[in-house]
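Undergrad: Okay, handing you the structure first.
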2 protein chains.
Amino acid sequence: MNSPTASLPTLTTDIVPFAIRGERLEVLLARQTTGWGLPGGPVGVDEDLDAAARRQLAEQTGLSDVYLEQLYTFGRPDRNPARRMVAVAYFALIPIASGSAGVPAAGDAARWAAVDEPPPLVLDHGEIVAVARRRLAAKLLYSTIALQLMPERFTLSELQAVHEIILGEPLDKRNFRKRVLAMDRIEATGELARHGGRRPARLYRALHPGQVELIK
Amino acid sequence: MNSPTASLPTLTTDIVPFAIRGERLEVLLARQTTGWGLPGGPVGVDEDLDAAARRQLAEQTGLSDVYLEQLYTFGRPDRNPARRMVAVAYFALIPIASGSAGVPAAGDAARWAAVDEPPPLVLDHGEIVAVARRRLAAKLLYSTIALQLMPERFTLSELQAVHEIILGEPLDKRNFRKRVLAMDRIEATGELARHGGRRPARLYRALHPGQVELIK
DNA sequence: TGTAATAGTGTTCAAATGACACTAATATAA
DNA sequence: TTATATTAGTGTCATTTGAACACTATTACA
């Protein structure tokens, strides 16, 4: 275990795990001794930062194989009154559970919260969530990052809904479709989504799953 | 002084100090025991990260009051073979010396190097410089960041030259002027720059010096 | 067979962008 | 004093891009 010393700041990672659930953008929180906060914790002495973030996310929420991106490093000396801690923050994007069980949440130790009306969080985790949210919305506009929130097969309506939820505004259906198809990063599978009571939609898949590319 | 321990990574800041000198984008390097590298070093136990970066830049190069922005945190366990070090990297933008002495460089302990043909640098500092350079070029296109490289008074031709040097491509004079004036972030002072042998140019100044705004 | 619900599709206008060439003002040299 | 060299400064037109906008198609179910 890492024990804090007087001579060095403790280095941690904190992860903001985003997913679209229902009609909202939500964050997965981890229970801590003093309240709810972001999954995360101390970085091992010889552990890579990205690896530490992945490990902590998996240990505290059961999530693995997700998209992870470094966000910012928070290091104000007073961010933790107890002892000096510097946090390398990441955000994670968790695909909408497609059909199967839904996103795992480690029972009592984790819970989802809406990003727009979050509960009070420990330390500066509220600020970290806000920064992550802004970054995510910004990247929607010039990258293929939204695909990381989608299941393997998805409809264009679903993809549009994800954009609308994150941006917080409705988008024009025809313009949206024109734009995402022009990117050439998704293709129709030929299959149809059946959901009862209405016209079935074509299913698409990402051409380079896992990759996030800048566009235009 | 900070002494490394077995149980925690040492946390440092590294700063990439950019300036336009002559017709090139250059970086200010600091002499280290094993060669040339970026200014930087250990973060104090109760020192803010930004403050640590500013302090180290001042101590090692004499530069103060410059634009500073956090870049990325580099933490691969093998980036320093001697002992585990995690570096929060920043870049700094140093205004072109306007008339006066030129950018201070602390004698023997610091030197400027062209970004395009850098000398070998210690550790992963070459990579850090490359990342910083890409970020700077990207931000030119959608922010007013270039103004941080300009002296208090400057001509539009000088501003255009700065863009061209960083982007590595020539820009159309009329379109460039249209664009930067439309931003409404600089204004003509009414003065003229005299430089002998040709038509004098109008001098402009930044409307909100020190601020970097996103545009469009 | 009718109805309710979502999927899917083009055109038109406005705005932004990109290409392009000449005149103006100064210092210096002839 | 005049000619020349050098950089500053300016507008238009064509193309591309972005935004607004409404109807038909396909299915499940009543």
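Undergrad: Could you order A:Glu213, A:Glu152 by accessible surface area, starting with the largest, using a probe radius of 1.4 Å?
TA: So the residues, ranked largest to smallest area, are A:Glu152, A:Glu213.
Undergrad: Can you pull out the GluC sites (Glu not before Pro) in region A:1-76 that DSSP calls coil and that have at most 11 other Cβ atoms within 10 Å?
TA: Those satisfying the criteria are A:Glu23.
Undergrad: Over the protein assembly as shown, give the accessible area per residue in Å² for a 1.4 Å probe, as an integer.
TA: For the protein assembly as shown, the per-residue accessible area is 50 Å².
Undergrad: To check you understand DSSP bridge types, tell me what percent of the beta bridges within region B:10-140 (both residues inside) are antiparallel, rounded to 5.
TA: Just about 70 percent of them are antiparallel.
Undergrad: Order A:Met150, B:Met85, most accessible first, counting only protein heavy atoms with a 1.4 angstrom probe.
TA: B:Met85, A:Met150
Undergrad: Express the relative contact order of chain B as a whole percentage, based on alpha carbon pairs under 8 Å and six or more residues apart in sequence. Numbers along the way, then the final one.
TA: On the way: 348 pairs, mean separation 43.7, N = 216.
Dividing the mean separation by the residue count of chain B yields 20 percent.
Undergrad: Another one. Within a 10 angstrom radius of each residue's Cβ in A:7-15, how many Cβ atoms of other chains show up on average? Whole number is fine.
TA: Partner Cβ neighbours, averaged per residue: 6.
Undergrad: A further question on this structure: What fraction of the DSSP beta bridges in the protein assembly as shown is antiparallel, stated in percent and rounded to the nearest 5? Display every interim value, and only then the final one.
TA: On the way: 58 of 78 bridges.
Percentage antiparallel, nearest 5: 75.
Undergrad: Another question, if that's okay. Among B:89-97, B:114-122, A:9-17, how do they line up from the highest to the lowest mean number of other beta-carbon atoms within 10 Å? Could you put the intermediate results ahead of the total?
TA: Working: B:89-97: 21.6, B:114-122: 13.6, A:9-17: 26.3.
Order by mean packing, descending: A:9-17, B:89-97, B:114-122.
Undergrad: Could you work out, residue by residue across A:73-80, how many beta carbons of other chains sit within 10 Å of that residue's beta carbon, and then give the average as an integer?
TA: Averaged over the peptide's residues, the number is 5.
Undergrad: Quick one: Debye curve from the C-alpha atoms of region A:31-170, no solvent, what's log10 I(q)/I(0) at q = 0.17 Å⁻¹?
TA: The computed values of log10 I(q)/I(0) come out as -1.09.
Undergrad: Let me ask something else. Let me check something: with ligands and nucleic acids excluded, how do B:Lys139, B:Lys173, A:Lys216 order by accessible area (1.4 Å probe), largest to smallest?
TA: So the residues, ranked largest to smallest area, are A:Lys216, B:Lys173, B:Lys139.
Undergrad: I need the chymotrypsin sites (Phe, Trp or Tyr not before Pro) found in region B:118-190, filtered to DSSP loop residues with at most 15 other beta carbons within 10 Å of theirs.
TA: Sparse-neighbourhood loop chymotrypsin sites (Phe, Trp or Tyr not before Pro): B:Tyr142.
Undergrad: Round to a whole number: what % of the accessible area of the protein assembly as shown belongs to carbon and sulfur, probe 1.4 Å?
TA: Of the solvent-accessible surface of the protein assembly as shown, carbon and sulfur hold 51 percent.
Undergrad: Right, another one. Could you pull out the trypsin sites (Lys or Arg not before Pro) across region B:12-86 that fall in loop regions by DSSP (anything but H, G, I, E, B) with no more than 16 other Cβ atoms inside 10 Å?
TA: When the trypsin sites (Lys or Arg not before Pro) of region B:12-86 are filtered for loop state and at most 16 Cβ neighbours within 10 Å, B:Arg83 remain.
Undergrad: Do the sum for the protein assembly as shown: with -39,500 (n - 2.57) for every DSSP H run of n ≥ 4, divided by all residues, what is the mean residue ellipticity at 222 nm, to the nearest 500 deg cm²/dmol?
TA: -7500 deg cm²/dmol
Undergrad: Show me you know the interface measure: the accessible area buried between B and A, both chains summed, probe 1.4 Å, in Å² to the nearest 100.
TA: 2200
Undergrad: Further question: By its C-alpha gyration tensor, with a ≥ b ≥ c as the square roots of the eigenvalues, how is region A:166-213 shaped: rounded for a/c under 1.5, else prolate for a/b larger than b/c, else oblate?
TA: oblate
Undergrad: Compute the distribution of all C-alpha to C-alpha distances in the protein assembly as shown, in bins of 10 Å from 0, and list the percent of pairs in each, rounded to whole numbers.
TA: In order of increasing distance, the bins hold 4, 18, 25, 25, 18, 8, 2, 0 percent.
Undergrad: Then there's this: Ordered shortest first, which distances in nm separate the 7 Å Cα→C-beta label point of B:Gly210 from those of the other copies?
TA: 4.7
Undergrad: How many lysine pairs are close in the protein assembly as shown, with Cα atoms under 24 Å apart and the two 8 or more places apart or on different chains?
TA: For the protein assembly as shown, qualifying lysine pairs total 18.
The values are calculated or read from the model by the stated rules, or taken from the named source; none is laboratory data. Owing to the predicted nature of the structure, the values given are computational and were not obtained by experimental measurement. Methodologically, a virtual Cβ is constructed for each residue, glycine included, from the backbone with ideal geometry; neighbour enumeration extends over all protein chains shown. Just so you know, the surface numbers come from the protein's heavy atoms only, side chains and all, with ligands and any DNA or RNA stripped out. Shrake-Rupley method; radii C 1.70, N 1.55, O 1.52, S 1.80 Å.
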